[in-house]
Amino acid sequence: MQGYRYLDDTAILRLDAEKCIGCGNCLEVCPHRLFTLNDGKARITDGNACMECGACARNCPVEALFVNPDDGCGCAHYIINSWLARVLNKQSNGCGC
Amino acid sequence: MARLATRLSWRDRLGTIAVRSGLRRNSYLMVPGLYCLGEPDGNSPVLVTGNYKLSVDTVRQELAGHHLWLLVVDTRGINVWCAGGKGTFSAAEVAYQVQNSGLAQLVNHRQLILPQLSANGVRAGELKKLCGFLGRFGPILATDLPEYLRRGEADEAMRSVTFRLSERAVLIPVEICLLWKKLLLASLLFFLLSGISPEFFTVEAALRRGTTLALANAAAIFAGAIATPLLLPWLPFRQFWLKGAVLGLLAGLIFVTVAGEGLARLELLALLLWIGGCASYLAMCFTGSTPYTSLSGVAKEMRRGLPFQIGTALLALLLWLAAPFF
Ligand code: SF4
Ligand code: SF4
């Protein structure tokens, strides 16, 4: 994504090349275009640009992809609420968006 | 079956303004189901979208002159992107609406065009099994739909998410309006705190110093919730709390220079810290609206940003309270 760069070595995105069958779904859905297909296997080109949306993992037919499964839309309110919930031992009430 | 107009009425436009400004946030929805755009027949394409009315309004406006079916699924009035993440925009929900609307009897083909940004919720491969329709992902933006329909496929540009100035700008009013309640409460507190003086409580001081503090808040909001989103790609640092802190301290410096006459040193320092800390917090909250910040990254920067913000706020408050006694 031109002009934007977030933190390096932080996003959780893993590809198990063993399992990959080269269907190309991840190439299609990734909104940051982070995959290529070489010799029938997907490859991550720039894992640091991943925003953990989970689209690739959701559409991989063989579970070759793993993305940080913590859902919520990546907003600060959501994280504060979930931290508070952990401290207070209560159910988090999401982020309200 | 309901036919949707491809031009927005004045009511639609008012509604859009209301949602965009945060007045109506969680209740702007449409009844889910199948709708027509133009005069679709058995060969017309079927587009799928969520029942957030803004999504539907954008889609139908972009497709003026086209004849097609619009399947609106129940995402509880949330936009496609967040709904996918929350699991409401799912293959099961799409399949349910397909069956419920009797789509199979209305069209000869078996294809659905889904918004690409619903891919975090919809496993397209499951749709075939669930409802007999093949799910394909269309472009990210509704503006690209006509081009996509003409070509039958999306190119790389249509599949890449963007965050242009205009896309950032429309997010600002909501962010600010969500702050109203907190602001009102804070202002009340500020007036009370500002009145504390060696003579116990002075109404004159409460009004004078309280107003200064309220104005400082406006400066913080301007730096953190307006300038940060607008200037985002050009600000130094990758972490949002730092971007906000930089702009906040800058705004704070300008503020104390312009509005600092007659204030004590401690008060000036308090204002500077307060504006810097608040702007940092507001900028950090904006991560939730961008399409490139990962949840892991936001959590990481919050572990650094929150202590800074809480620290500056407490220190500012302390200095502000102490100032009349020196
Ligand atoms: S999680 Fe989203 S951004 Fe990250 S690689 Fe997968 S599709 Fe791309
Ligand atoms: S979606 Fe899964 S199987 Fe298909 S190319 Fe990507 S990693 Fe490989």
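Here is the figure for the stretch B:254-280: residues that are in contact with a Leu (Cβ under 8 Å, 6 or more places away or on another chain) and not charged (D, E, K, R) total 16. For the stretch A:1-44, the set of residues classified as β-branched (V, I, T) and more than 13 Å from chain B (Cβ to nearest Cβ) consists of A:I44 only.
Can you go through B:L207, B:L213 and tell me which one is buried (at least 17 other Cβ atoms within 10 Å of the Cβ), farther than 21 Å from A:N25 by Cα and outside the structural domain of B:G102 (by TED's automatic domain parsing)? Don't jump to the end; show me each part of the working.
Numbers: B:L207 fails: buried (at least 17 other Cβ atoms within 10 Å of the Cβ).
Sole residue among the options that is buried (at least 17 other Cβ atoms within 10 Å of the Cβ), farther than 21 Å from A:N25 by Cα and outside the structural domain of B:G102 (by TED's automatic domain parsing): B:L213.
In the set (1) over 27 Å from B:E126 (Cα atoms); (2) within 14 Å of chain A (Cβ to nearest Cβ), the condition left unmet by B:A92 is number (1).
Scan the stretch A:19-35 and give yes if some residue there is touching a strand residue (DSSP E or B) at 6+ places or on another chain (Cβ under 7 Å) and away from ligand 1 (no atom under 15 Å from the Cβ), otherwise no. The answer is yes; a qualifying residue exists. Screening B:R209 on (1) basic (K, R); (2) without any contact (Cβ under 8 Å) to a residue 24 or more places away in the chain; (3) more than 14 Å from chain A (Cβ to nearest Cβ) shows it passes everything except condition (2). Can you work out which of the residues in the stretch B:287-304 that are facing another protein chain (nearest Cβ under 7 Å), in a loop (DSSP other than H, G, I, E, B) and in contact (Cβ under 8 Å) with a residue 60 or more places away in the chain is nearest to B:F237 (Cα to Cα)? Filtering first and then ranking leaves B:Y292. For the stretch A:46-66, filtered to residues that are more than 8 Å from ligand 1 (Cβ to nearest atom), more than 15 Å from B:L114 (Cβ to Cβ) and more than 9 Å from the chain's Cα centre (by Cα), the residue that is farthest from the other protein chains (Cβ to nearest Cβ) is A:A64. Of the residues in the stretch B:266-275, at least one is more than 20 Å from the chain's Cα centre (by Cα), crowded, with 17+ Cβ neighbours inside 10 Å and of a type in the set (D, E). Scan the stretch B:230-250 for residues that are of a type outside the set (D, E, K, R) and surrounded by 22 or more Cβ atoms within 10 Å (Cβ to Cβ) and the total you get is 7.
Out of all the residues in the stretch B:102-133, which are touching a residue at least 60 places away in the same chain (Cβ under 8 Å) and assigned to a helix (DSSP H, G or I)? Once the filter is applied, which keeps residues that are touching a residue at least 60 places away in the same chain (Cβ under 8 Å) and assigned to a helix (DSSP H, G or I), the stretch B:102-133 yields B:L103, B:L106, B:S118.
Residue-by-condition table, conditions (1) farther than 30 Å from A:P69 by Cβ; (2) within 14 Å of another protein chain (Cβ to nearest Cβ); (3) of a type in the set (V, I, T):
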| residue | (1), (2), (3) |
| --- | --- |
| B:P40 | yes, no, no |
| B:K53 | yes, no, no |
| B:L71 | no, no, no |
| B:I78 | no, yes, yes |
| B:G85 | no, yes, no |
| B:A104 | yes, no, no |
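Within the stretch B:145-158, identify whether any single residue is within 14 Å of chain A (Cβ to nearest Cβ), without any contact (Cβ under 8 Å) to a residue 60 or more places away in the chain, part of a helix (DSSP H, G or I) and farther than 30 Å from B:G65 by Cβ, and answer yes or no. The answer is no, given that none of the residues of the stretch B:145-158 is within 14 Å of chain A (Cβ to nearest Cβ), without any contact (Cβ under 8 Å) to a residue 60 or more places away in the chain, part of a helix (DSSP H, G or I) and farther than 30 Å from B:G65 by Cβ. Checked against (1) at pLDDT 90 or above; (2) assigned by TED's automatic domain parsing to the domain that holds B:S280; (3) within 25 Å of the chain's Cα centre (by Cα), B:S187 passes all but a single condition, namely (1).
The values are calculated or read from the model by the stated rules, or taken from the named source; none is laboratory data. Everything numeric here is computed off the predicted structure, so don't read it as measured data. We place every Cβ from the backbone using ideal geometry, glycine too, and count neighbours over all the protein chains shown.
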